[in-house]
Every structure is written in C-alpha cells, then in structure tokens.
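The structure appears below as structure tokens.
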Amino acid sequence: MVLWAISAGPDLGYVPGPYIDRSHIFAAGSMYSSIEDLYRWNQALTHSNLFSEELRKKIFTPGLGDWSYGWFVTRIARGQPGEGSMMAEMRGDMPGNFFAWILRYPEQDDVIIVLRNGYGSTERLEQNLQAILFDREPHLPRRSPLDIAAQVGWVSVNWIVAHRFLSSLIVILIVFWSAWAIRRRMGSETLLTRKP
C-alpha cells in the first residue's frame, strides 16, 4: 500500500517559497524529484538487486542512537497508530521553502511519501496518513476562527469583483440609508432639545 499527498497553499494552488541563495547548498538545491521517483527509489531499496541483502540490512540497522546511514530508524511509540512496528524515516527541507518526508514501514512493506511547499504541518498530515495506513481513525484538523474569517473575506472580495454593478448598487443604497438614518436621528435630537 502506498499513500502520498501534496500540500498546497490556502487556495489549493502552488505557493512559491521565499528566495534562498542556493549556491552553497549543493545537492539539496540542485536536485529535482517527484513522489513517483521517490517511490521508485523506495522500491529499489526494498525489492531490487541494487543492494545485497547484507548491505540492505546494514542500511536500515540503527548504529549511532537511532541513526542508520541517513535514516532515522525506530519502533513506533506506544499509543500511536502501528505501535511497535519498525519505521524508517528520512526528511529533507529548506525552512520556509519546501519539505519532504519519507516514512518506510518495512514489516508491512509500506511507504508514505509527502512533499509540500511549506515547512510546518499544522494539520499533522503525516501522522494522519500513518493512522489511515494502520486502519485507525485520523484526527482531522479543525479550522481556526481566523481561517474561517479569512475565507469569508476572500469569498466576499471575489463576489464583489465578479458582481461589480450589483455590489456598487448595494454600496450606494447603504450610503443613502446611513445618511437618511443619521439625518433622521439628528432631526429627532433637535426636536428633543427644543422642548421646554
């Protein structure tokens, strides 16, 4: 089973990251990949004759702490979906620019590959994909009031732009009604102050 996702900006379009001088970062700034390429790489690590079984075992056996040839290899923590299962993960990122995360589950022969154009994941995307992989209920994110207000504002602006004549008419009516209400209130206040 393979799960993958690409996260995008708030309008589900691509959001360019900030400019970063890539002249000093070597392979990380000169390498292009896709989920499909990374999946093929995972398959080569797992099922090909590219590596001997001895070398493959060495690549994914932790040596220094939980590190093993660039992979962070652990057992999934207690209480987490898939608890006790072996997991090998590798991340790559440029803060504020892009993020890649590969989670391999060798005992199940599964992999989760995530590429996104933002560093932080407030929706806990990878953990939710892992929950789905292990037949557990994902915890879908809740929208903050600020997100909802921004969405309402965005929809309103788009509606105004798409319906210029009608929105202009509504603004004119609101201005006239406000002027009438203010004038009426001022007139009634004047009458109240004249009474003996």
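The values are calculated or read from the model by the stated rules, or taken from the named source; none is laboratory data. Please read all numbers here as calculations on a predicted model, not as lab measurements. Please note: Cβ atoms are built from the backbone with ideal geometry, for glycine as well, and neighbour counts cover all protein chains shown.
For GLU107, are the conditions met, namely being closer than 22 Å to ARG40 by Cα, more than 15 Å from the chain's Cα centre (by Cα) and of a type in the set (Asp, Glu)? It would help to see each step written out before you state the result.
Working: closer than 22 Å to ARG40 by Cα: yes; more than 15 Å from the chain's Cα centre (by Cα): yes; of a type in the set (Asp, Glu): yes.
Spelling it out, GLU107 is indeed closer than 22 Å to ARG40 by Cα, more than 15 Å from the chain's Cα centre (by Cα) and of a type in the set (Asp, Glu).
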Note down all Cβ pairs under 7 Å where the first residue falls in the range 99-115 and is under 22 Å from TYR32 (Cβ atoms), the second is among the basic types (Lys, Arg), and they're at least six residues apart or on different chains.
-> PHE99/ARG116; ALA100/ARG91; TRP101/ARG91; VAL111/ARG104
When the range 99-125 is checked residue by residue, the ones that are modelled with pLDDT of 85 or more and among the charged types (D, E, K, R) are ARG104, GLU107, ASP109, ASP110
Number of the exception - HIS47 against (1) surrounded by 15 or more Cβ atoms within 10 Å (Cβ to Cβ); (2) without any contact (Cβ under 8 Å) to a residue 60 or more places away in the chain | (1)
Taking the range 123-178 only, how many residues are β-branched (Val, Ile, Thr) and in contact (Cβ under 8 Å) with a residue 60 or more places away in the chain?
-> 1
Take the residues in the range 98-157 that are more than 16 Å from GLU83 (Cα to Cα) and hydroxyl-bearing (Ser, Thr, Tyr), then tell me which one is surrounded by the most Cβ atoms within 10 Å (Cβ to Cβ).
-> SER121
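Mind checking which residues of the range 127-154 are of a type in the set (D, E, K, R) and modelled with pLDDT under 85?
Narrowing the range 127-154 to residues of a type in the set (D, E, K, R): 135-137, 142-143, 147.
Correct list: ARG142, ARG143, ASP147.
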